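> Next up is a structure, given as structure tokens.
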Amino acid sequence: MKQSYFIIGTDTNVGKTYVASALVRHFAKAGYQTIGMKPIASGCEQTPDGDLLNDDVLALSTASNVVAPLDMTNPYRFSPAIAPHIAAEQAGEIIDCEKIKQAYHELTQLAEVVVVEGAGGFLVPLNRQETLADLAVTLNIPMILVVGMRLGCINHALLTVEAIKSRGLTLAGWVANQVDAEMPVFEENLASLQQRIAVPCISVVRWQNDVNFNADSFIAK
């Protein structure tokens, strides 16, 4: 089996890494050689050996059962916890989607399943011309949308779904992740999204609970 998924979010801090790591563990537990990839990471800290490492990248690596070089699983690493294109400019670099695509294809030769985690929201800039959406088009793999369940999530989710559809990309499923412990009318918001998003909700994650994927979802068991 060869499968890949691109995990994106309705915004930053909506649980993309939490869901992506859970998905990596899901496939690894099912017996597949699985690896996580985070093409662009801001907010990295220097390791004792002088490299830059991000907590999200570490979480994906820990969940994976395939080992690959850091330059392959995380081609772009920046110290400031700021927007990727600004971090890259400050570092004197230009984020290149083709470089990321090459690293992704190398990972597909090592693993049966590659889970790619995006940065920020779907239209976050990567350079002066391209956004994360352009990277999604370049990779052209099924996408999973993590919806941060809080006030305003319906608008953010439906706008993102429209942006995905308008680019001819495949939205394979979505995850409702409660990021606001006190979110009012959670169930009503969830029902509204389920009614309006025409692909499966593969997991509903209540505040700080585990991610459990639906048994009847598209994901391999």
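The values are calculated or read from the model by the stated rules, or taken from the named source; none is laboratory data. Note that the structure is a prediction, hence the values are computed from the model and not measured. Positions of Cβ are backbone-derived with ideal geometry, glycine not excepted, and every protein chain shown enters the neighbour counts. All accessible areas refer to the heavy atoms of the entire protein, side chains included, with ligands and DNA or RNA removed. Shrake-Rupley method; radii C 1.70, N 1.55, O 1.52, S 1.80 Å.
> Looking at this structure, is residue 95 open to solvent by less than 10 Å² (accessible area, probe 1.4 Å) and assigned to a helix (DSSP H, G or I)?
Values: open to solvent by less than 10 Å² (accessible area, probe 1.4 Å): yes; assigned to a helix (DSSP H, G or I): no.
In short, no.
> Report, by residue number, each residue of region 109-155 that is assigned to a helix (DSSP H, G or I) and open to solvent by less than 20 Å² (accessible area, probe 1.4 Å). Steps first, answer last, please.
In the first step, residues of region 109-155 are kept if they are assigned to a helix (DSSP H, G or I); the result is 109-110, 132-139, 153-155.
Those that are assigned to a helix (DSSP H, G or I) and open to solvent by less than 20 Å² (accessible area, probe 1.4 Å): 132, 133, 135, 136, 139, 153.
> From 59, 81, grab the single residue that is of a type in the set (A, V, I, L, M) and within 27 Å of residue 214 (Cα to Cα). Talk me through it step by step, then tell me what you get.
Values: 81 fails: within 27 Å of residue 214 (Cα to Cα).
Residue meeting the stated conditions: 59.
> Within region 4-13, which residues are modelled with pLDDT of 95 or more and either of a type outside the set (Phe, Trp, Tyr) or over 19 Å from residue 171 (Cβ atoms) (or both)?
4, 7, 8, 9, 10 - these are the residues of region 4-13 that are modelled with pLDDT of 95 or more and either of a type outside the set (Phe, Trp, Tyr) or over 19 Å from residue 171 (Cβ atoms) (or both).
> Right, something else. Of the conditions (1) over 21 Å from residue 3 (Cβ atoms); (2) assigned to a loop (DSSP other than H, G, I, E, B); (3) modelled with pLDDT of 95 or more, residue 188 clears all except one; give me its number.
(2)
> Of 67, 57, 14, which residue is free of Cβ contacts under 8 Å to residues at least 40 places away in the same chain and under 14 Å from the mean Cα position of the chain (by Cα)?
Checking each option against the conditions leaves just 57.
> Take the residues in region 26-45 that are surrounded by fewer than 18 Cβ atoms within 10 Å (Cβ to Cβ) and of a type outside the set (A, V, I, L, M); name whichever of them is modelled with the highest pLDDT.
Step one: list which residues in region 26-45 are surrounded by fewer than 18 Cβ atoms within 10 Å (Cβ to Cβ), which gives 29-31, 33, 43, 45.
When the remaining residues are screened for being of a type outside the set (A, V, I, L, M), the result is 29, 31, 33, 43, 45.
Numbers: 29: 94, 31: 94, 33: 97, 43: 91, 45: 91.
It comes out as 33.
> Is there any pair linking a residue in region 95-122 that is of a type in the set (Lys, Arg) to one that is open to solvent by less than 20 Å² (accessible area, probe 1.4 Å), with Cβ under 9 Å and at least six apart or on different chains, and which?
99/39; 99/75; 99/76; 101/135; 101/139
> Still on this model: Please state which one of 89, 106 is open to solvent by 70 Å² or more (accessible area, probe 1.4 Å), in contact with a helix residue (DSSP H, G or I) (Cβ under 7 Å, 6 or more places away or on another chain) and modelled with pLDDT of 95 or more.
Of 89, 106, the one residue that is open to solvent by 70 Å² or more (accessible area, probe 1.4 Å), in contact with a helix residue (DSSP H, G or I) (Cβ under 7 Å, 6 or more places away or on another chain) and modelled with pLDDT of 95 or more is 106.
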